[in-house]
1. What relative contact order, as a whole-number percentage, does the chain give when Cα pairs under 8 Å and 6 or more residues apart are counted?
2. For the stretch 51-157, what are Rg and Dmax over the alpha carbons, in angstrom?
3. Quick check: with the 1.4 Å probe, what order do Asp456, Asp101 take by accessible area, largest first?
4. In the stretch 71-158, if the dipole is taken from +1 on Lys/Arg beta carbons and -1 on Asp/Glu beta carbons about the Cα centre, which of Leu74, Gly135, Gly89 is farthest to the positive end?
5. Determine the distance separating the Cα centre of the stretch 120-145 from the Cα centre of the stretch 35-93; give it in Å without decimals.
6. Counting only the backbone N, which residues of the stretch 409-435 are under 14 Å from the spot 7 Å out from the Cα of Asp225 toward its beta-carbon?
7. Let me spell out the model: positive unit charges on the Cβ of Lys and Arg, negative unit charges on the Cβ of Asp and Glu, origin at the Cα centre of the stretch 238-287. What dipole size does that give, in debye rounded to 20?
8. Please compute the per residue accessible area over the stretch 434-479 with all protein chains in place, 1.4 Å probe, rounded to a whole number of Å².
Amino acid sequence: MFCASRTSARTRRVSLIFAALGLCGIAAIACFAASPSSPIFHVTLPPGLDFILQNSPTQQKYLIETMPGGVALLDYNNDGLLDIFLVNGGRITNPMGQPEDFDRDNLLYWNRLYRQNKDGSYTDVTEQAGLAHAGTGNYGMGVAVGDYDNDGYPDIYVTSYGKNILYHNNGDGTFTDVTAKAGVAAGGWSTSAGFVDYDNDGKLDLFVTRYLDWDTKRSKFCGADIHMYCPPGEFPGTTNILYHNRGDGTFEDVSVKSGIAAKKGHGLGVAFADYDGDGFTDIFVTNDVVEQFLFHNNGDGTFTERAMETGAALNVDGKKLSGMGVVFQDYDNDGRPDILVTELPHQLYAAFHNDGHGSFSEQGLESGFGLLSGATSGWGIGLEDFDNDGWKDIFVTQSHVIDNVEHFDSSLHYLEPPLLALNHNGRFERADAGSKVPVAGRGAAFGDLNNDGSVDAITTVLGDHPQVFLNNGGKQHWLTIMLRGTRSNRDGFGARVQVNGQTRFATAAGSYLSSNDKRLHFGLGSADMAKIDIVWPSGVQQTLNDVRCDQFLEVREPEQH
C-alpha cells in the first residue's frame, strides 16, 4: 500500500493538474476512465496456434516461474506474412534437482515457431526449421530478432535463465544454432534483448539485460505462514551485456570497455532510441526496484549512464520504480522519443517526457497514463497507432507477479485484463481492449498480422495459450514502411523516420521479453498523401514527397549522400 505521505502528495498533485484544466479535482479521474468507442480489437486464437506457455509453478516459489515468456513477430521466410515465435519456460521439479535440467528436450517445453498461412491459420514448423529442443539447463525467457549478418533474413536470439541461443536464418526455412561460434551464450539470468547498431558501422550489435545474480540453489521462501515469490531486493543485482558485431559471424563482449558493465541492476526491459539527437542510438533499461538506466551513447564506443541526471531514473516522488516493460518512442508528436514504463501496483505507470536538451520530466499524471494504473501490474507494452488517427496509443498486458497476492492484499488480483488507452492529442484515455477476461499476461508484441493496415497485438499468458488481439480496423488512412539499409544495417534499425509530423525510431526491441514487427506503421487520419523524411544511421538523409496512403512501402537507403 502507499504510505500516507506518498498518497497525499499524489492526491495534491492530481488535484492541481485537474484544477489547472478547469476540471473537478480527483473526481475528474472518471473523465479519463472510459471511452464510448466500439472495441478496437477482437480476441482470437487462430487455427494451428496451439502453444501453451509452460512456466511450471511449484510450491518452492522459484522466481523464474513467474517471469516468462517472450513472443516475436517476424517474417522468417520473406513471404510477406508475419510469423510467430514463442518462448517456452521449462519443467521445474519440486524441489529442483541438480544439475538443473528443465527437460527442454521434451516437446512440451520447446520454444515454437509458427508459420502463417495465406488463410490466416498457422503451422507449427519448429522441428523442420531446426528450432526443436532448447539446450540442457535452459529455462526460456525472451527473444530478439534482427538480421545480424545483413543477408536479408531475420535471425533469432533467445534469452534464458541459463545459456542463451543465437539461431542463424539459413534463408531456406531453416535455422542453425551458431551460439558457440558467435560467442553470445551469455550466462546467468538473461531477460530481454535487442539488436542495435550502436556504433553506426552497418552491422547489428546485441544488447542483453540480466535480472538477478540468482539460481535455484540460492532460492528462498518469502512470506511467513503463506509462501510467496521473493522480491528482487532479496538477491544481488547483476550487469547487462553488450556484444559488438565483428562482421565475420562473431561478436565481442564489450560490456566492460563500453561502460555498460559499470552499473549493476535488476534489468527486465530494454529499448533503443536517440534521445538527444546526436546521431547515435541510446539504450534505456528498466530495473525492478532499482533506479532505471539510461545509457547515453558517447559516439566513441562507450556509454555513460545518465538516467538520474536527465530525470529518467525515478518517479516524480523520487522513488525507485518496479520497472518491467518499456517503450522508447514519441507519444506526443513533438519529434523527440519519450519513455513509457510499466510497473507493479501502488506505483503509477511512468511517462518520462522528453523535454529536449537531454532532459526528461515524469508526466504519468499529466499524460493520463499514470491514472490508468495504481492497482494493476504491467508487463509487455506497445505504443502504436491502433485507430490510425495520427496519435500513438498504448496497449499493456497485465497481471501481478505474485500468484497468491490476494492472500496478502485483498485489493489486488493476480489475474488482470489488458489495458488499452487511446491517445487524444498527447493524453491517454482508457478504451475497450476487446477483452475483460483476467489472465496472467506477460510478453507482448505488435504488428500487422493480416496486412490490413491496422496494428494487431499478441500476448503470452502463463500456463495458457497466447491471446491474439486482431484489430477491427476503420476508415482512417495509414502507411507502413519497410526500411532497406545499404550503407546502414539492412533492417535500418536506428533510423529516424518522420511521416506527416509523426516520428518513429526504427527498432524491433521494446515491450517485455519480446520483439515487434520491424515494419514502421503510421496512421494518417484523413490524409491521403504523405511526406516521408528519413535520417539513416549512416547519416544519409532522404525525403519522399506525395506518397500515396494505404500501402506497404519499401524504402531503400540511397547509396550516396
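1. Working: 1662 pairs, mean separation 82.4, N = 561.
Relative contact order for the chain comes out at 15 percent.
2. According to the Cα coordinates of the stretch 51-157, Rg and Dmax are 15.2, 47 Å.
3. Details: Asp456 0, Asp101 75 Å².
Largest accessible area first, the list is Asp101, Asp456.
4. Of the listed residues, the answer is Gly89.
5. 12
6. Residues 409 fall inside that zone.
7. Details: 4 positive and 7 negative charges, 61 e Å.
Approximately 300 debye in magnitude.
8. Averaged over the residues of the stretch 434-479, the accessible area is 31 Å².
The values are calculated or read from the model by the stated rules, or taken from the named source; none is laboratory data. From a predicted model like this one, the values you see are computed outputs, not experimental measurements. Every residue, glycine as well, gets a Cβ built from its backbone with ideal geometry; the counts of neighbours run over all protein chains shown. Only protein heavy atoms, including side chains, enter the accessible area calculation; ligands, DNA and RNA are left aside. Shrake-Rupley method; radii C 1.70, N 1.55, O 1.52, S 1.80 Å.
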